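Bear in mind these aren't lab numbers, they're just calculated from the coordinates by the rules spelled out. Being a predicted model, the structure only gives us computed values, none of them experimental. With ideal geometry, Cβ positions are generated from the backbone for all residues, glycine too; neighbour counts draw on all protein chains shown.
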Amino acid sequence: MTPMEVVAACALDAAIGDPRVLPHPVRWMGSFIAYVHGQVRSSRLRPRALRAAGALLALGLPVTAYMFGWASIAAGTAIHDWVGQGIGICLASTTLAWRDLIDHVRAVSAALKAGSLERARQTVGLIVGRDTGHLSEEDVVRAAVETTAESACDGVIAPFLFLVIGGAPLALAYKAVSTLDSMVGHREEEYRDFGWASARLDDLANWIPARLTAWLIAVASGLVFFSAKAMKRSGVILLRDGHKHPSPNSGRPEAAMAGALGVQLGGVNYYGGRRAERPVLGDAEGVLSMRHVDRAASIMTVAYLIAIVGLVRFLWR
């Protein structure tokens, strides 16, 4: 894609986000993954067969997504170059989730500011996988900040990076990998064999973007707070705690965000009633409060803008 097409895709995402009334490739992917998983579950395959089926899905869906994007743009270009460019921009915008993430995070912040903890639990439950029905206000804030940091990578920076490298088709392929991981790449017994390949492929796809995102968060914190101290603290915590998370990637942006805000993230979560303890990231220089939700969103946004300016400038050169 040209620099102007990349900027147009970012602008389109910022303007309209993810309207539920419009068709969306990622929702199609999710429906297909759910269907295949249901069919495989009902077949009661042995572990080795489950791994084979999962590997086939993990490789087949990204390739299909890539081909869909390429074919759609090629078909449009056959009519007119502008049609192909328009299709490419529209498809590219669906791979970016900045507006959708910001809207959800703002909803959590608004609920907390209104004093409605129950509504805050419900809104944060739309963007996290953990149980939220009994979260305290501090835990709601922690959930929102953690998902903002993690989604800064897999929802914003990573798809943008793949978009710059390979256009809408490659960004769609990345979204297929990310969607597979979010739906079946879990450690629970139900997903362990079937989702193994999806989880490993996602780890590989996000290895560089996660580290890039973490350092962008560190730089962005210095700009948001006009503080070299915040930037240094974010970098120090990233280097000290980023590797502690069970995921080889998720801990990096979360650790950078924890350092940027001067708070502790991680700890105990519940998934389907099951207790899961995550390593603590960062130092508790202050208590988590509703203001940290807005600050995390601001840092994520500035990190995204730095990426846009830097990579688009690189393309232009």
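Residue count for segment 112-126 satisfying the condition of being on the phi < 0 side of the Ramachandran plot, without any contact (Cβ under 8 Å) to a residue 24 or more places away in the chain and surrounded by fewer than 21 Cβ atoms within 10 Å (Cβ to Cβ): 8. Checking the structure you have, find out if any residue of segment 148-157 is aliphatic (A, V, I, L, M), part of a helix (DSSP H, G or I) and free of Cβ contacts under 8 Å to residues at least 60 places away in the same chain. No, because not a single residue in segment 148-157 is aliphatic (A, V, I, L, M), part of a helix (DSSP H, G or I) and free of Cβ contacts under 8 Å to residues at least 60 places away in the same chain.
For segment 280-306, filtered to residues that are over 18 Å from V140 (Cβ atoms) and of a type in the set (G, A, S), the residue that is nearest to the chain's Cα centre (by Cα) is A303.
When G86, G155, G129 are screened for being within 22 Å of the chain's Cα centre (by Cα), surrounded by fewer than 18 Cβ atoms within 10 Å (Cβ to Cβ) and more than 19 Å from M290 (Cα to Cα), only G129 passes. I need every pair where a residue in segment 63-92 that is over 30 Å from S198 (Cβ atoms) has its Cβ under 9 Å from the Cβ of a residue that is not in a helix (DSSP H, G or I), sequence separation at least 6 or different chains. Hits for this filter: Q85/M1; Q85/T2.
Residues that are out of contact with any His (no Cβ under 9 Å at 6 or more places or on another chain), part of a loop (DSSP other than H, G, I, E, B) and of a type outside the set (S, T, N, Q) within segment 1-36 comprise M1, G17, P19, R20, V21, L22, P23, H24, listed in sequence order.
Looking at segment 127-147, which of its residues are within 26 Å of L204 (Cβ to Cβ) and free of Cβ contacts under 8 Å to residues at least 60 places away in the same chain?
Scanning segment 127-147 gives I127, V128, T147.
Scanning segment 235-247 for residues that are in a loop (DSSP other than H, G, I, E, B) and surrounded by 15 or more Cβ atoms within 10 Å (Cβ to Cβ) returns G242, H245, S247.
Among the residues of segment 279-296, is there at least one that is in contact (Cβ under 8 Å) with a residue 40 or more places away in the chain, part of a strand (DSSP E or B) and surrounded by 14 or more Cβ atoms within 10 Å (Cβ to Cβ)? The answer is yes, given that some residue of segment 279-296 is in contact (Cβ under 8 Å) with a residue 40 or more places away in the chain, part of a strand (DSSP E or B) and surrounded by 14 or more Cβ atoms within 10 Å (Cβ to Cβ). Determine whether segment 95-103 contains at least one residue that is in contact with a Lys or Arg (Cβ under 7 Å, 6 or more places away or on another chain) and within 27 Å of G30 (Cα to Cα). Yes, because at least one residue in segment 95-103 is in contact with a Lys or Arg (Cβ under 7 Å, 6 or more places away or on another chain) and within 27 Å of G30 (Cα to Cα). Output yes when any residue across segment 163-181 is on the phi < 0 side of the Ramachandran plot, crowded, with 24+ Cβ neighbours inside 10 Å and without any contact (Cβ under 8 Å) to a residue 24 or more places away in the chain, and no when none is. Scanning segment 163-181, I find no residue that is on the phi < 0 side of the Ramachandran plot, crowded, with 24+ Cβ neighbours inside 10 Å and without any contact (Cβ under 8 Å) to a residue 24 or more places away in the chain, so the answer is no.
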